[in-house]
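Only the coordinates and a few stated rules stand behind these numbers; no lab work does. Model, not experiment: these values are computed from the prediction. Neighbour counts are summed over all protein chains in view; Cβ atoms, including those assigned to glycine, are modelled from backbone coordinates with ideal geometry.
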Amino acid sequence: MDQERLLRELTEFLRIPSVSTLPAHNQDCRAAAEWVAAELRRLGCRDVEFLGSDTHPVVSGKGPDVPGAPTLLIYGHYDVQPPDPLNEWTRPPFEPAVSDGKIYARGSADDKGQVFCLLKAIAASPRPPVNFRFLIEGEEEYGSKVLFDLLKREPQRVRADVALVADMSYVAPGWPAVYTTLRGLCYAEITVRTSKTDLHSGEYGGAAPNAHEELARLLGRIKGADGKINIPGFYGPVKRPSKAELAAWKKLPFNEKDFLQKRVQAKALVGLKKYSVLERLWALPTFEIHGILGGFTGEGAKTVIPAAATAKVSMRLVPNQKLAEVERQLAAAVKRFAPKHVTASVRFLHGADPAQIKVDHPAFQLLGRAFKEVTGRATVPARAGGSIPVVPALASAGAPVILTGIGLPDDRLHAPNEKLDLKQLWDGIEVFRRFYELVGSLESGVRSRENL
Ligand code: BES
Ligand code: MN
Ligand code: MN
């Protein structure tokens with residue numbers, strides 16, 4: 001492998017600030033799409049198309065036809081999360097830098113570095129006997145609306161024998177994983193208004209309602225100090241993992257104390273204390289406040305009673321919870337918990353249903369084998385706390401969806417100084433190269449019949 005050339009090429013991709021949630025970066029998202037399209041053409045793909053949007057297109061393509069060979073759908077995303085807070089980065093987020101055997105940049109692990117692996121593994125000769133299909137989207141970090149709309153119009157786009165999604169990490173260094181669930185997501189803004197305009201806190205303080213205070217109380221009612229979410233009906237569909245699954249998690253190299261000290265780096269863990277930390281991260285829903293807007297937050301001091309306040313919040317959902325139902329539950333809870341004298345409203349920004357994947361198709365074995373040959377250990381089944389909105393739609397199309405990844409748990413996704421270990425990158429290319437080869441040997445009998 002020409003590692004120097006590959007690093008140069010990855011650096012080019014990572015330099016593009018394709019932040020999908022910020023309109024100021026629309027042209028950059030487009031540029032990242034162009035980068036992907038050029039790569040696909042270099043791989044000899046035909047029908048390389050931009051679908052669904054000019055600024056955040058889904059990049060679609062088909063590999064060279066290999067008659068009789070299985071079809072493998074490759075999914076990934078070229079968009080990234082905003083890089084702020086910028087002053088916490090050691091190097092600027094879009095000026096990739098290698099240090100200590102790691103490449104530092106926004107998107108290095110999530111997901112550009114992994115898309116890079118998936119594509120470069122194809123270029124590694126000899127060409128695997130597989131019919132490749134690609135869907136690389138540019139709005140994953142903002143709810144995948146473009147891709148959802150596309151699949152509604154053209155569901156045949158996901159027809160395949162196997163789908164491969166590499167947008168996750170190992171469970172621990174040396175421990176590659178295949179994921180059996182993803183959490184869903186419901187992202188919302190809760191706004192509280194208490195008066196027509198802001199008021200002087202001396203003239204009115206003591207008698208006028210304060211929007212921030214009301215919002216804080218409302219949020220406190222939704223989730224208590226014990227970590228319990230008090231939205232009526234919220235936990236109804238939640239099922240505990242089986243005893244066997246919980247027992248299997250105990251054998252994973254995960255230590256609650258290390259997780260607190262090395263990864264969270266806080267003074268204590270919180271949440272529902274009667275469940276293990278892994279169960280809280282993987283099998284229970286959450287309610288998180290991402291930010292609170294309104295009132296006076298500028299430099300210096302201003303004595304004002306804010307008339308309005310907005311919280312950006314999201315809930316992670318677990319299998320059997322439904323996004324649409326949770327939206328209704330949150331809206332009803334806000335109405336119920338807000339006192340009569342405030343106007344409270346909820347605006348939903350985006351979301352995703354949770355996903356549950358059976359990992360019994362032979363293709364999962366092949367992935368395990370590829371990892372075993374390259375890294376010395378096969379994949380272990382695990383669950384993921386994060387979300388990938390399109391996965392339930394991929395899964396319902398019939399082909400087995402393989403959720404895996406080449407990152408490590410300390411890659412700092414969405415946070416300052418995101419990185420990817422180069423060893424993970426080189427191994428990843430080898431793993432997927434071997435996986436493609438093995439998929440090429442899948443007998444037609446084991447392919448799902450409706451997809452042939
Ligand atoms: N790659 C992540 C999803 C992920 C992260 C899965 C860690 C498992 C473990 C993905 O890019 C992501 O961040 N998704 C968003 C989706 C949302 C914005 C709709 C997420 O989970 O916050
Ligand atoms: Mn991702
Ligand atoms: Mn992400």
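Out of the residues in the range 70-100 meeting the condition of being farther than 16 Å from Leu164 by Cα and hydrophobic (A, V, I, L, M, F, W, C), tell me which one is nearest to ligand 1 (Cβ to nearest atom).
At the first step, the residues of the range 70-100 found to be farther than 16 Å from Leu164 by Cα are 79-100.
Then drop every residue that is not hydrophobic (A, V, I, L, M, F, W, C), which leaves 80, 86, 89, 94, 97-98.
Working: Val80: 9, Leu86: 19, Trp89: 18, Phe94: 17, Ala97: 22, Val98: 22 Å.
So, considering only residues that are farther than 16 Å from Leu164 by Cα and hydrophobic (A, V, I, L, M, F, W, C), the one nearest to ligand 1 (Cβ to nearest atom) is Val80.
Report, by residue number, each residue of the range 291-335 that is surrounded by fewer than 16 Cβ atoms within 10 Å (Cβ to Cβ), within 16 Å of Ala352 (Cβ to Cβ) and of a type in the set (A, V, I, L, M).
Hit for the range 291-335 is Ala324, nothing else.
Looking at Ser108, Ser144, which one is of a type outside the set (A, V, I, L, M) and under 16 Å from Val58 (Cβ atoms)? First the steps, then the outcome.
Numbers: Ser108 fails: under 16 Å from Val58 (Cβ atoms).
After ruling out the rest, the residue left standing is Ser144.
What residue, of Arg221, Arg157, is among the basic types (Lys, Arg), crowded, with 16+ Cβ neighbours inside 10 Å and part of a helix (DSSP H, G or I)?
Working: Arg221 fails: crowded, with 16+ Cβ neighbours inside 10 Å.
One residue alone meets the criteria, Arg157.
May I ask you to list the residues in the range 314-337 that are more than 16 Å from ligand 3 (Cβ to nearest atom) and assigned to a strand (DSSP E or B)? It would help to see each step written out before you state the result.
Going through the range 314-337, the residues more than 16 Å from ligand 3 (Cβ to nearest atom) turn out to be 315, 317-337.
Within the range 314-337, Met315, Leu317 qualify.
To keep it simple, each residue is scored yes or no on (1) surrounded by fewer than 24 Cβ atoms within 10 Å (Cβ to Cβ); (2) in a loop (DSSP other than H, G, I, E, B); (3) more than 16 Å from ligand 2 (Cβ to nearest atom).
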residue	(1), (2), (3)
Phe132	no, no, yes
Ile136	no, no, no
Glu141	yes, no, no
Asp149	yes, no, yes
Ala163	no, no, no
Tyr179	no, no, no
Glu189	yes, no, yes
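Pick out, from the range 346-434, the strands (runs of 3 or more DSSP E) lying fully within it that include 1 or more residues that are away from ligand 1 (no atom under 13 Å from the Cβ), more than 22 Å from Asp149 (Cα to Cα) and hydrophobic (A, V, I, L, M, F, W, C). Working first, answer last.
Working: elements: 380-384, 401-404, 419-421.
Once the strands (runs of 3 or more DSSP E) in the range 346-434 are filtered for at least 1 residues that are away from ligand 1 (no atom under 13 Å from the Cβ), more than 22 Å from Asp149 (Cα to Cα) and hydrophobic (A, V, I, L, M, F, W, C), what remains is 380-384, 401-404.
Within the range 406-419, take every residue that is on the phi > 0 side of the Ramachandran plot and not polar (S, T, N, Q) and give me the one that is farthest from ligand 2 (Cβ to nearest atom). Show your work before the answer.
Filtering the range 406-419 for residues on the phi > 0 side of the Ramachandran plot gives 412, 414, 417.
Subsequent filtering for residues that are not polar (S, T, N, Q) retains 412, 414.
Working: Arg412: 13, His414: 9 Å.
Per the criteria, the residue is Arg412.
Can you name every one of the strands (runs of 3 or more DSSP E) wholly within the range 69-122 that holds 1 or more residues which are within 16 Å of ligand 3 (Cβ to nearest atom) and under 20 Å from the mean Cα position of the chain (by Cα)?
Details: elements: 71-77, 97-99, 102-104.
Ranges flagged: 71-77.
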